[in-house]
């Protein structure tokens, strides 16, 4: 999931990095509200490059990369000023310089952050939209509310799991407390006309990358945003979008490093295939749909892996060892039946059931049938003890065909 988000961040922010800031609606999905998709938007953006935006974006990426170098990290001054803050200040300074000089290459208003500016408290209060209670009996309102609740809760659970993996101290977020806080926050936000809120991997990973050590960073994050919107909206409106795009692109790269892809590939195809499918599905749809597709593929891979490794058969001349491992379900019935039927006459068979956590009744029936007919081929069978009473019962009625291990 993190890698899919990383790819989305890179591809979606590249147009903004070079100055193409026509539309933000639907940026979190493959197909945007303007009917373009991620790739067509990239193609269109190439024909609308703004030199100053591109310059600010490239410089911002360079600053962020240099800030991560060990030589820079050792110096206190670079720890005191986070790279993203330097990028924002540099972007504001460069844009102000060209704007003051009256240069034609200065950025347009749509290439800068755009926030409403309140001249007094009355205009600020006008930003809020309070609920229209007459719509409370509308079924569509309840349907939309339940949909948002389910999707936001699921995205939060997925988000906190991903963020926990980024925590250098390997701490775990209490999911129940997180959902309760989100529910209370959404009720308050809705009463003030705000959008639904949820745990977001991008902002959380940005906090981690900035050196955050506790959950207070999220509270401080919100406080700083509120204070900035209240007191310095004019300054925020001077920030070039290309500078912000650079920050998100670097963050996205950290989520999908080539070294990480290589590491997952080395773990085997059963790990790599679900990983790639999930990443591509997130890229070509949206986060929730991609996760659901990835989960289905991962379950299929898990079943396939268990199917192949649950039954092991080795032999030396006419001595056979059949070992059941993990969970032996009805899916393993064909392979168990095939292995037992392939045992030649006059052979000795040891069936080891001690490592099985679960044995399906269909498998017990197959073993029982093999025991019942083993004497016809003069096959001696020994079953190693198992904690499954039903399995022990197999040999009780077949004294001539089998022996139970002591």
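Miscellaneous remarks
- Qualifying residue in the range 10-21 (condition: part of a loop (DSSP other than H, G, I, E, B) and closer than 30 Å to residue 163 by Cα): yes
- Tabulated pairs, the range 90-108, first assigned by TED's automatic domain parsing to the domain that holds residue 55 and free of Cβ contacts under 8 Å to residues at least 40 places away in the same chain, second assigned to a loop (DSSP other than H, G, I, E, B) and surrounded by fewer than 16 Cβ atoms within 10 Å (Cβ to Cβ), C-beta under 9 angstrom, 6+ apart or interchain: 97/103
- Selection within the range 264-276 - surrounded by fewer than 19 Cβ atoms within 10 Å (Cβ to Cβ) and within 14 Å of the chain's Cα centre (by Cα): 276
- Scanning the range 92-123 for residues that are over 14 Å from residue 238 (Cβ atoms) and in contact with a helix residue (DSSP H, G or I) (Cβ under 6 Å, 6 or more places away or on another chain) yields a total of 2.
- Restricting attention to the range 234-273, the residues that are in a helix (DSSP H, G or I), without any contact (Cβ under 8 Å) to a residue 60 or more places away in the chain and touching a helix residue (DSSP H, G or I) at 6+ places or on another chain (Cβ under 9 Å) total 8.
- The range 169-185, residues that are part of a helix (DSSP H, G or I) and either touching a helix residue (DSSP H, G or I) at 6+ places or on another chain (Cβ under 7 Å) or assigned by TED's automatic domain parsing to the domain that holds residue 7 (or both): 175, 178, 179, 182
- Across the range 209-233, the qualifying residues are those that are under 22 Å from the mean Cα position of the chain (by Cα) and in a helix (DSSP H, G or I), and the one among them that is surrounded by the most Cβ atoms within 10 Å (Cβ to Cβ) is 209.
- Residue list for the range 111-128, filter: surrounded by fewer than 10 Cβ atoms within 10 Å (Cβ to Cβ) and not in a helix (DSSP H, G or I): 119, 120
- Verdict on residue 89 being touching a strand residue (DSSP E or B) at 6+ places or on another chain (Cβ under 8 Å), modelled with pLDDT of 90 or more and closer than 30 Å to residue 234 by Cβ: no
- Comparison of 255, 235, 283 shows that the only residue that is closer than 29 Å to residue 18 by Cα and at pLDDT 90 or above is 235.
The values are calculated or read from the model by the stated rules, or taken from the named source; none is laboratory data. Keep in mind that what you see is a predicted model, and the values were worked out from it rather than measured. Using ideal geometry, Cβ is built from the backbone for each residue, glycine included, and neighbour counts are taken over all protein chains shown.
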